[in-house]
Amino acid sequence: MIETFSFNEPAIKTLKKVGFKEIGRRRNSIIYGRNEYDEIFMDMLSDEFQQSKIEKLLGKK
């Protein structure tokens with residue numbers, strides 16, 4: 001499982017691109033400056049990993 005915050009859009013986009021899925025969100029969990037952001041939890045199941053771009057990059061079958 002990976003966690004990030006909603007202001008980190010490049011990480012969220014990259015994680016989704018390689019096959020991670022959002023599994024939860026803790027709304028307004030962090031205050032940064034005067035803004036509140038969500039904490040986002042993402043994961044990938046083992047069968048999803050075997051079909052993912054990460055697995056192909058590692059060169060495993």
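Since every read-out is calculated from the coordinates, none of them should be taken as a lab result. Please read these numbers as outputs of a predicted model, since none were measured by experiment. Here the Cβ positions follow ideal geometry from the backbone for every residue, glycine too, while neighbour counts run over all protein chains shown.
Our coupling estimate for segment 12-23, obtained by passing each phi through the Karplus curve with A = 6.51, B = -1.76, C = 1.60 and θ = phi - 60°, is 4, 4, 5, 4, 5, 4, 8, x, 6, 10, 6, 10 Hz, Gly and Pro reported as x.
Run the numbers for Glu22 and Leu58: contour at 0.36 nm per residue of separation, minus the present Cα-Cα distance, in nm.
Working: separation 36, 0.36 × 36 = 12.96 nm, distance 2.31 nm.
That pair, Glu22 and Leu58, stretches by 10.7 nm at full extension.
Look at the alpha carbon pairs under 8 Å that are at least 6 residues apart: their mean separation over the length of the chain gives a relative contact order of 36 percent. For segment 27-61, the residues whose backbone nitrogen is under 11 Å from a point 7 Å from the Cα of Asn8, taken along Cα to Cβ, are 39-42.
The P(r) of the chain has a tail past 14 Å containing 58 percent of all C-alpha pairs.
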